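Quick notes on the structure that follows.
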Amino acid sequence: MLVRIISWPIMKEDLLISPEWTRRDRFIATCAFALGLASLCVPEWFNYIFTYQGDNAGLKGLLEAIVLIVEEPYLISALLAVFLNATLAAEFEEEPKEEAGRQEWNTPVPVVRPTGSHEA
């Protein structure tokens, strides 16, 4: 059991390093990590958003559940990652289009001399 606890960070690091991460994956992970870390550093940041003082127990329970989800770093990170993963489009590698007659950007342009020039 002790070996499993000690080796967990090493396995976690290997998991993050080994796969090929696209820019989209890194963006999603960064956003989720940033919001989770912010929630971890300032746990009371969402307390003053919902300030319902009425006697409706159902509404109070719903608002407390929302506050609990938002204030827990792992919950808000997971929800944001799932939301971004579902809404952001996947990146596709663009294949270069070969157009007929297209020149490279650094190909010199041939000099065309006008006809009927005044040569003596």
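Determine if segment 79-88 includes at least one residue that is among the small types (Gly, Ala, Ser), under 24 Å from the mean Cα position of the chain (by Cα), at pLDDT 85 or above and over 15 Å from residue 33 (Cα atoms).
Quick first cut of segment 79-88, residues among the small types (Gly, Ala, Ser) only: 81, 86.
Now narrow it down to the ones that are under 24 Å from the mean Cα position of the chain (by Cα): 81, 86.
Within this subset, residues satisfying the condition of being at pLDDT 85 or above are 81, 86.
With over 15 Å from residue 33 (Cα atoms) added as a condition, the list becomes 86.
The answer is yes, given that some residue of segment 79-88 is among the small types (Gly, Ala, Ser), under 24 Å from the mean Cα position of the chain (by Cα), at pLDDT 85 or above and over 15 Å from residue 33 (Cα atoms).
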Test residue 95 against the criterion of being touching a helix residue (DSSP H, G or I) at 6+ places or on another chain (Cβ under 8 Å), surrounded by fewer than 12 Cβ atoms within 10 Å (Cβ to Cβ) and at pLDDT below 85, and give yes or no.
no
I'd like the residue in segment 17-70 that is surrounded by fewer than 10 Cβ atoms within 10 Å (Cβ to Cβ) and of a type in the set (S, T, N, Q) and, out of all such residues, is farthest from residue 81 (Cα to Cα).
53
Could you please give the count of residues in segment 40-62 that are aliphatic (A, V, I, L, M) and modelled with pLDDT of 90 or more?
3
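The values are calculated or read from the model by the stated rules, or taken from the named source; none is laboratory data. Please read these numbers as outputs of a predicted model, since none were measured by experiment. Don't worry about glycine lacking a Cβ; one is built from the backbone with ideal geometry, like all the others, and counts go over all protein chains shown.
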